[in-house]
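The values are calculated or read from the model by the stated rules, or taken from the named source; none is laboratory data. The structure presented is a predicted model; accordingly, all values stated were derived computationally and were not measured. Counting neighbours? That spans all protein chains shown, and the Cβs are built from the backbone with ideal geometry, glycine included.
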Amino acid sequence: MQPSPTNVPRRSFRECGASADRRFLRLAAILAFAGLAGILTAASAVPTPTSSPPASPSPNFTLTAPGFSPTDAVALTGTKDADSGVSVLPLTPGDQPVCTIPEDSKTTWGCTIALPNGRAISVTAQQLTSGAITGEDTATLDVLGAPSIDGAPGFVTSGLVSGLGFAGATVVAGVAGAPAGGCTAIASTTGYWSCALTVGSGSWVIVARQSQAGLGGGASSSPSGSLPVTVDRDAPASPTITSPRAGSRAPDRTVTYRGMGEAAGAVDVYVHNVPVCSARVSGTIWACTAAAPAAGKHPVVAIQRDQAGNFSAPSAPISVFFGPKPGAAVPPVAPTTTDPPAGTPPPSDSPTSPAPEPTPPVPPASGSSNWGTPTSFGSELPTLAETIGRGNWLLAPLLALAFILLVALPLRMLATALRGRVRRPSIRLTGRNRPGLVDRDDTTALNPILAGAIPLAVAAAFVVFSGGVDDEVRYLRLTVAVCLGLGLLNVIGVAVTTRLARRWQGVAGRLRTRPMLVLAAAVAALLSRATGIEPVVVTGVVIGIAFARGLPARPRAIVNLVEVGGVTVLAIAAWLANGALGAVQGFWPSLLHETLATIALAGLGSAMTLILPLATLPGRVILEWSPPVWLASVAVVTTLAAAVFLGGRGADFPVVGSIVVAVAFAALSLAVWAWLRFVEPVALRQPSA
């Protein structure tokens, strides 16, 4: 049967509508996917504005630099477009350009920039037109500038010259007029170099050059500036001793040696071939004071060192009687124990000219058995009578006032200004998360034995070093005495006194090693050794008390005040006992003298350090609790310390130099504080350009 419109089954309206909807949705989905794909394709084909290349660079812009520059000042040249400027980029990104040329009508440019020594240094210059970069070029070069030479013009040397150069470079120091008199050295990793000229005595002019195979093919740098020097290879004449005179008697416990020598030189005095004191020659006069040796007749000689470091021959030995005149005749010292210095006649002979050999007297072969010979450590400690006679107690309060105004208060001001800007590392060798006490920023939690032994040994080494040592066994005795003195100072002056004070106040706390105090011991010893101050200014307290957290300021301040007072009282007691002991000879008396001197010197130096209002030192706690108490404490401590450190007869403490340094420190502290307090906040509030 043929289908007809009348016999074909018809779908309902609901079925037809559903089928049409599905077809419509499929078509819409296909069109949407195709449209999204087209959009993504078009977007990827169109470059973004931020990644578009700049305008075509100008072919006229160039940068020309030498392949090797023998100076640190490098001349750059090149060409550019008219009405454009040039900017030479810094080596460190973010810094200011090292050279800027404003826009002008010229088509060439040039400027000189400073570059560090080095290989393959890349320099980039850009052409700027109306603020836009229209050209760029880069050049690579090696740079090796001239080395430097240490010393002021005309300085005196025995031939040794030194300076700074490029690490690993070969430095050649040449002498004008004497091509064979120069010398060569290799600069160390820090750049330091030194070598000895081979010219004779006289005035010379030296220059230095340097080279390195990896820079410029081994080409030499430009010469340094010419430096006139005076080479002195001649030994100075032997000094003379004018006091005490040969055959005279020195009855006092201290003896002042005087004489004549070469201007600007230094004289060392030896008794029985043992150095007892040194002095600078002022004009032609020198003088130094030392403790008297054991009573009896002793030979005394002197040698001189000139500015260049040359030694004279020993002076003619003189025999001096030391100690008060006894009722009976003093037996002469056996000649086997009083060997005269090398190159000099024996004491019993009449004074004659010294042997021509320019060698200083050296300790005798029995230096390995001089356990009982005194050292010079503590010999400049004055007695109470000497401090009164020299007027030390009149000057000491003024120095104490200067210490407060120029050191202590500026130091507190500087520390307050830098608070939060400088982080001090927390030194903790055992544990990381254990609950800490206050003062954790500069304390350690070591084994009690190590916490005491290690810093004490370090501080003792610095104290011994401050006065100088020699290869003699008596310095082993000195080391034992220093360790003993520092041990008593820390145990009695700190541990015992703070324990009693804590019981009195009913507070808890523990002893801790203070790295800051160990650092103070190192700095004080190095400064004393470098400046030659006598008596030496040293410190020796290396422990302190750390309190439980949340403890009020008053009990902490009282305990710290007792600590400072205990150290000061112990030091003054040792100083008075040392003065009453007088001159010593022999192992045990010398050991006692050096122990007392250690307690006195290190105790007073430590008290001045502890009273500073810095970090977690006792002075900081005392100041926060009661400024008047702190002022009174620092005034008393520094007055006592100044009266002792000013020394006795023959002492020459650098009062003026110390004041100058203190004024400079105070000015620097005030400047830093003013900048951080007033200038920096204003600069931070201003919007950046």
Item to complete: Consider Thr242 carefully, then state whether it is farther than 24 Å from Leu381 by Cβ, of a type in the set (Val, Ile, Thr) and in contact with a strand residue (DSSP E or B) (Cβ under 6 Å, 6 or more places away or on another chain).
Response: yes
Worksheet item: Which of the residues that make up the stretch 622-636 are out of contact with any Phe, Trp or Tyr (no Cβ under 8 Å at 6 or more places or on another chain) and crowded, with 24+ Cβ neighbours inside 10 Å?
Response: Trp630
Fill in: Criterion: loosely packed, with under 15 Cβ neighbours inside 10 Å, within 30 Å of Cys99 (Cβ to Cβ) and not assigned by TED's automatic domain parsing to the domain that holds Asn310 - qualifying residue of Ser226, Ser148, Ser220, Ser201
Ser226
Item to complete: Would you point out the residue of the stretch 114-132, among those that are over 30 Å from Thr170 (Cα atoms) and touching a Gly at 6+ places or on another chain (Cβ under 6 Å), that is surrounded by the fewest Cβ atoms within 10 Å (Cβ to Cβ)?
Response: Leu128
Discussion item. For the list (1) in contact with a Ser or Thr (Cβ under 8 Å, 6 or more places away or on another chain); (2) surrounded by fewer than 21 Cβ atoms within 10 Å (Cβ to Cβ); (3) more than 19 Å from Gly566 (Cβ to Cβ), I need the number of the one condition that Leu646 fails.
Written reply: (2)
Fill in: Meets criteria (of a type in the set (A, V, I, L, M, F, W, C) and within 36 Å of the chain's Cα centre (by Cα)) for Ile303
yes
Worksheet, complete the sentence: In the set Gly247, Gly259, the lone residue that is modelled with pLDDT under 95 and not in a strand (DSSP E or B) is Gly247
Worksheet item: In the list Ala342, Ala264, Ala302, which residue meets the criterion of being at pLDDT 85 or above, in a loop (DSSP other than H, G, I, E, B), closer than 26 Å to Arg233 by Cβ and out of contact with any helix residue (DSSP H, G or I) (no Cβ under 8 Å at 6 or more places or on another chain)?
Response: Ala264
Worksheet item: What about Arg510, is it in the same structural domain as Val644 (by TED's automatic domain parsing) and part of a strand (DSSP E or B)?
Response: yes
Practice prompt. Filter the strands (runs of 3 or more DSSP E) completely within the stretch 105-219 down to those with at least 3 residues that are of a type in the set (Asp, Glu) and out of contact with any Leu (no Cβ under 8 Å at 6 or more places or on another chain).
Written response: none
Fill in: Restricting the stretch 636-675 to residues that are assigned to a loop (DSSP other than H, G, I, E, B) and of a type in the set (A, V, I, L, M), the residue that is farthest from Ala600 (Cα to Cα)
Ala651
Item to complete: Check the stretch 423-432 and report whether any residue there is modelled with pLDDT of 75 or more and part of a loop (DSSP other than H, G, I, E, B).
Response: no
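Residue by residue, here is whether (1) modelled with pLDDT under 95; (2) within 21 Å of Leu488 (Cβ to Cβ); (3) assigned to a loop (DSSP other than H, G, I, E, B) holds:
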residue: Ala520; (1), (2), (3): yes, yes, no
residue: Ala525; (1), (2), (3): yes, yes, no
residue: Arg529; (1), (2), (3): yes, no, no
residue: Ile533; (1), (2), (3): yes, no, yes
residue: Val538; (1), (2), (3): yes, yes, yes
residue: Gly550; (1), (2), (3): yes, no, yes
residue: Arg556; (1), (2), (3): yes, no, no
residue: Leu570; (1), (2), (3): no, yes, no
Discussion item. Checking Val636 against (1) out of contact with any helix residue (DSSP H, G or I) (no Cβ under 7 Å at 6 or more places or on another chain); (2) in contact (Cβ under 8 Å) with a residue 24 or more places away in the chain; (3) under 30 Å from Trp371 (Cα atoms), only one condition comes out false. Which one?
Written reply: (3)
Worksheet item: Thr79 is checked against (1) of a type in the set (S, T, N, Q); (2) surrounded by 16 or more Cβ atoms within 10 Å (Cβ to Cβ); (3) modelled with pLDDT under 90 and fails just one. What number does that condition carry?
Response: (3)
Practice prompt. Scan (1) surrounded by fewer than 22 Cβ atoms within 10 Å (Cβ to Cβ); (2) under 16 Å from Val320 (Cα atoms) for the single condition Val269 breaks and write down its number.
Written response: (1)
Discussion item. For the stretch 63-104: of the residues being among the hydroxyl-bearing types (Ser, Thr, Tyr) and in a strand (DSSP E or B), which is farthest from Gln126 (Cα to Cα)?
Written reply: Ser69
Item to complete: Among what's in the stretch 658-689 and is surrounded by fewer than 11 Cβ atoms within 10 Å (Cβ to Cβ) and of a type in the set (Gly, Ala, Ser), pick the residue that is farthest from the chain's Cα centre (by Cα).
Response: Ala689
Response to the item:
Filter the stretch 435-470 for residues that are surrounded by fewer than 19 Cβ atoms within 10 Å (Cβ to Cβ) and modelled with pLDDT of 75 or more; the one that is farthest from Val523 (Cα to Cα) is Ala453
Worksheet item: Quick one: in the stretch 582-615, which of the residues that are in a loop (DSSP other than H, G, I, E, B) and either out of contact with any Lys or Arg (no Cβ under 8 Å at 6 or more places or on another chain) or hydrophobic (A, V, I, L, M, F, W, C) (or both) is surrounded by the most Cβ atoms within 10 Å (Cβ to Cβ)?
Response: Ile611
